[in-house]
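Shown next, in structure tokens, is the structure this report addresses.
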Amino acid sequence: MKIVHATEPVNVEDLKSFLENDLNTKFKEHRHLDVDLKVALSANSLDISIPELYDDFLFRIDLVNDKELHIIKSEHYTDDVNVLTIEEILNNLLLDYPGRDNIDYVGEKS
């Protein structure tokens, strides 16, 4: 699990819109696959999935409090090339949202 702590509040609906705008485009550029990643909002979390290829979510982003995100990778697909590609893209996108200057901690927790 990756933990991202922001210095300003994160709005989960804004984050969803941000990811929907960029995640699919970047994934298709990297993998050259004609599939659509789905970003679904549920309470204070986002599930990222590819329903036509996988039965479950690939990543879950939990907003633990208004300034802390937990990014959880599905244990079922840890070595899958699509998941590794999404993880790399997410790492970069999450530095852009809420912005590098608004992040004071990024860490890993097992």
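The values are calculated or read from the model by the stated rules, or taken from the named source; none is laboratory data. Remember, it's a predicted structure, so these values are computed and weren't measured experimentally. In this analysis, Cβ positions are derived from the backbone assuming ideal geometry, glycine residues included, and neighbour counts consider all displayed protein chains. Ligands, DNA and RNA are stripped out before the accessible areas are found, and what is left, the full protein with its side chains, is counted by its heavy atoms. Shrake-Rupley method; radii C 1.70, N 1.55, O 1.52, S 1.80 Å.
Looking at segment 20-32, which of the residues that are open to solvent by 60 Å² or more (accessible area, probe 1.4 Å) and of a type outside the set (S, T, N, Q) is nearest to residue 71 (Cα to Cα)? Working first, answer last.
Filtering segment 20-32 down to residues open to solvent by 60 Å² or more (accessible area, probe 1.4 Å) leaves 20-21, 25-26, 28-32.
Checking the rest, the ones that are also of a type outside the set (S, T, N, Q) come to 20, 26, 28-32.
Working: 20: 16, 26: 19, 28: 21, 29: 23, 30: 21, 31: 22, 32: 25 Å.
This residue is 20.
The single condition among (1) surrounded by 14 or more Cβ atoms within 10 Å (Cβ to Cβ); (2) within 25 Å of residue 104 (Cβ to Cβ) that residue 65 does not satisfy is (1). Among the residues of segment 57-78, those identified as closer than 16 Å to residue 14 by Cβ and part of a loop (DSSP other than H, G, I, E, B) are 66, 67.
For segment 79-110: of the residues being of a type in the set (Ser, Thr, Tyr) and assigned to a loop (DSSP other than H, G, I, E, B), which is most open to solvent (accessible area, probe 1.4 Å)? The selected residue is 110. Hey, any hits in segment 49-56 for a residue that's assigned to a strand (DSSP E or B), among the hydrophobic types (A, V, I, L, M, F, W, C) and open to solvent by less than 60 Å² (accessible area, probe 1.4 Å)? There is no residue in segment 49-56 that is assigned to a strand (DSSP E or B), among the hydrophobic types (A, V, I, L, M, F, W, C) and open to solvent by less than 60 Å² (accessible area, probe 1.4 Å).
Given the options 39, 35, name the one that is at pLDDT 90 or above and either farther than 18 Å from residue 10 by Cβ or of a type in the set (Asp, Glu) (or both). Outline the logic, then answer.
Values: 39 fails: either farther than 18 Å from residue 10 by Cβ or of a type in the set (Asp, Glu) (or both).
Only one candidate passes the filter, namely 35.
Considering only residues in segment 35-48 that are part of a loop (DSSP other than H, G, I, E, B) and closer than 22 Å to residue 92 by Cβ, the one that is most open to solvent (accessible area, probe 1.4 Å) turns out to be 36.
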